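Notes for the one structure printed next.
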Amino acid sequence: MKGKIVFVAVTLGAAAGLSRAWEPVISPLSAPPSRSADATQIERGARLAALGDCIVCHTSAHGKPYAGGRPLETPFGAIYATNITPDMQTGIGDWSLDAFRRALRDGVSRDGHLLYPAFPYPHFTRMTDGDIADLYAFMMSRAPVQATAPPNHLVFPLNFRPLVAGWNMLYLKRGPEQGVAVPASAPSAASDPRADAGNAPNAASAYAVQWQLGRYLVNGVAHCAACHTPLNKLGAEKRDAPFAGGTLEGWDAPALTKLSQAPTPWTQAQLVSYLRTGFASQHGAAAGPMRPVTQSLAQAPLEDVDAIATYVMSLQTPTAATPTAAPARPADLEQLAPPAALATGATLFNAACASCHSIAAPMSTQGDRPSLAQGTAVNADSPRNAVRMMLDGIDWHGSDAAHFMPSFAQTFTDAQIADLANYTRARFSARGPWPGLDAAAVARIRKETAKP
Ligand code: HEC
Ligand code: HEC
Ligand code: HEC
């Protein structure tokens, strides 16, 4: 860790030396901007706030919406999201549109200090001026809240903000993308199930329009790659591996380029459902950091989420001769007695999990719950999400019993979780056992999200 930090600091420092580490102040407004701008503009801004899930990071556990104070855990320490309500003293009430645009485009706060890229400005920079103005109108229409985020806990020397200038020089590509052509590899209109026969040219251009919108949203305000792309040592997305899967807050965000290789390949409709309801039949439920994303997307227009799904579907890498995900095990294999090594796991599973997860479970019919064999977690290369799921469960969200799973963090020891995971893998996935998944490995995964 120490060596890594030194490397990061030296690289950023060297790059920062070549660029500006402090930007000019933009004068504060003397009175808050109108809170009742054009209602349709506020509505357009609300759409963008939902797509950008601003509320997720900018709201603390028991705090008021957008009032900040939620810590973001990074490999370099915790960064707190700040108050973005229009409060004049503690929020962004005295920010002009210019100051807001500069924050989203360049990652610079109104007073000129550089913001950390844990704030996804490397994606928000892609937004058009018009969209940024709409979002500004929406933010300024929120209720002002007095609140100040706690100070960050970053390791030295990364707590020295001017180093971000170096990061920006290396990785920030400012401004909207220009004229991206629809790739030839994208499914043609003819293979698009929504294309009406006899209507092909129109359908082709409708597809192109939707794909362009999807790309604009995914790479911009919706910042999907911020979680779903692996990061390099300096915490920047690897350019040569877009959407190849990332790790954050103790969870793996699976590759978005392999949805066509799942035990049951994802369809566009399932993807739309997953993104807007947090659940897709034949795949499962969104948990961990993905769940709040889906709760925010639920507030976004269906057309936008459909466009996002269109673009994500076009990212699929062609299936190799041997698919990486082996086919799901046939149900009758589940009836066989487990080998001795897995006997403890089997007993625990039957006691604690089978009521929901066995083929004939009474609760498995609720909400069309898929077999564990169809989920990504049990078939993944790493046991992280399966273990995380057992530790964290899925919170109860009022009415949605079908998507609830209790947390077992306090119920089972590390060794028992390991037994359960190894048994679950053997029973529900045709892929081999996870190497080295024992109590110590579970303890490491547990620690990844332990609060400081
Ligand atoms: C992944 C978490 C995350 C998301 C999503 C997010 N932010 Fe932030 N944002 C942050 C963090 C963390 C900071 C503080 C960065 C710092 O202090 O260096 C921040 C800072 C800001 C600032 C600068 C505030 C100041 O006082 O300097 C603005 C403006 C802002 N965010 C607006 C937004 C808007 C608008 C959205 C939605 C489109 C959004 N953010 C979504 C994490 C997030
Ligand atoms: C805050 C981080 C974060 C953001 C932002 C995010 N995701 Fe995710 N995503 C995750 C995590 C973590 C998982 C794994 C959750 C689970 O297994 O339940 C996930 C799971 C998924 C899955 C299920 C994949 C599978 O194989 O089961 C899809 C599809 C998905 N995300 C699409 C998206 C899209 C599209 C966006 C942008 C609109 C997005 N995600 C934004 C973190 C994120
Ligand atoms: C009250 C019902 C309930 C119980 C009990 C329960 N689960 Fe779950 N579990 C769910 C629901 C709902 C989901 C989300 C739907 C899905 O993803 O299949 C889920 C998802 C999972 C997943 C992720 C599947 C994927 O790939 O997305 C794993 C792994 C899992 N459960 C394991 C277990 C284990 C092991 C136990 C026992 C220790 C257990 N569950 C107990 C309801 C339950």
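Residues of region 197-240 that are crowded, with 18+ Cβ neighbours inside 10 Å, part of a loop (DSSP other than H, G, I, E, B) and either touching an Asp or Glu at 6+ places or on another chain (Cβ under 9 Å) or β-branched (Val, Ile, Thr) (or both): Gly220, Val221, Ala222, His223, Thr229.
With away from ligand 1 (no atom under 16 Å from the Cβ) and either outside the structural domain of Glu43 (by TED's automatic domain parsing) or modelled with pLDDT of 95 or more (or both) as the only criterion, which of Ser296, Ser260 stands out?
Unique residue meeting the criteria: Ser260.
Among residues belonging to region 54-77 that are more than 16 Å from ligand 2 (Cβ to nearest atom) and part of a strand (DSSP E or B), point out the one that is surrounded by the fewest Cβ atoms within 10 Å (Cβ to Cβ). That would be Gly77.
Listed by first and then second residue, the pairs with beta-carbon distance under 7 Å, at least 6 apart or on different chains, first residue in region 439-452 and closer than 18 Å to Thr411 by Cβ and basic (Lys, Arg), second in a helix (DSSP H, G or I) and at pLDDT 95 or above, are Arg446/Leu391; Arg446/Asp414. None of Pro86, Pro24, Pro32 is out of contact with any helix residue (DSSP H, G or I) (no Cβ under 9 Å at 6 or more places or on another chain) and either of a type in the set (S, T, N, Q) or over 30 Å from Glu448 (Cβ atoms) (or both) except Pro24.
Can you pull out every residue in region 139-161 that is in contact with a Ser or Thr (Cβ under 6 Å, 6 or more places away or on another chain) and either not aliphatic (A, V, I, L, M) or not in a loop (DSSP other than H, G, I, E, B) (or both)? If the condition is that a residue be in contact with a Ser or Thr (Cβ under 6 Å, 6 or more places away or on another chain) and either not aliphatic (A, V, I, L, M) or not in a loop (DSSP other than H, G, I, E, B) (or both), then Arg142, Pro144, Gln146, Thr148 are the ones that fit.
Within 26 Å of Val387 (Cα to Cα), more than 8 Å from ligand 2 (Cβ to nearest atom) and of a type in the set (Ser, Thr, Tyr): does that describe Ser296?
Details: within 26 Å of Val387 (Cα to Cα): yes; more than 8 Å from ligand 2 (Cβ to nearest atom): yes; of a type in the set (Ser, Thr, Tyr): yes.
Yes, satisfied.
Taken over region 254-286, the criterion of being within 13 Å of ligand 3 (Cβ to nearest atom), in contact (Cβ under 8 Å) with a residue 40 or more places away in the chain and outside any loop (DSSP other than H, G, I, E, B) is satisfied by Phe279, Gly284, Ala285.
Listed by first and then second residue, the pairs linking a residue in region 106-134 that is of a type in the set (S, T, N, Q) to a residue that is assigned to a helix (DSSP H, G or I), with Cβ atoms under 6 Å apart and 6 or more places separating them unless they lie on different chains, are Thr125/Arg105. Regarding Leu275, is this residue at pLDDT 95 or above, under 29 Å from Tyr66 (Cβ atoms) and crowded, with 16+ Cβ neighbours inside 10 Å? Judged against the criteria, Leu275 is a match.
Scanning region 103-114 finds one or more residues that are on the phi < 0 side of the Ramachandran plot, part of a helix (DSSP H, G or I) and crowded, with 20+ Cβ neighbours inside 10 Å. Taking the criterion of being surrounded by fewer than 17 Cβ atoms within 10 Å (Cβ to Cβ) and of a type outside the set (A, V, I, L, M), the residues of region 78-102 that qualify are Gln89, Ser96, Asp98. Here's a check for you: in region 342-370, which residue that is of a type outside the set (D, E, K, R), at pLDDT below 80 and part of a helix (DSSP H, G or I) is nearest to ligand 2 (Cβ to nearest atom)? Among those that are of a type outside the set (D, E, K, R), at pLDDT below 80 and part of a helix (DSSP H, G or I), it is Gly367. Within the set Ala440, Ala373, Ala402, Ala430, the sole residue that is modelled with pLDDT of 95 or more and in the same structural domain as Pro339 (by TED's automatic domain parsing) turns out to be Ala440. The combined condition, being surrounded by fewer than 21 Cβ atoms within 10 Å (Cβ to Cβ), in the same structural domain as Phe160 (by TED's automatic domain parsing) and among the small types (Gly, Ala, Ser), is not fulfilled by Ala137.
The values are calculated or read from the model by the stated rules, or taken from the named source; none is laboratory data. Computed from a predicted model, the values in this text were never measured in an experiment. Ideal geometry is used to build each Cβ from the backbone, glycine not excepted, and the neighbour counts take in all protein chains shown.
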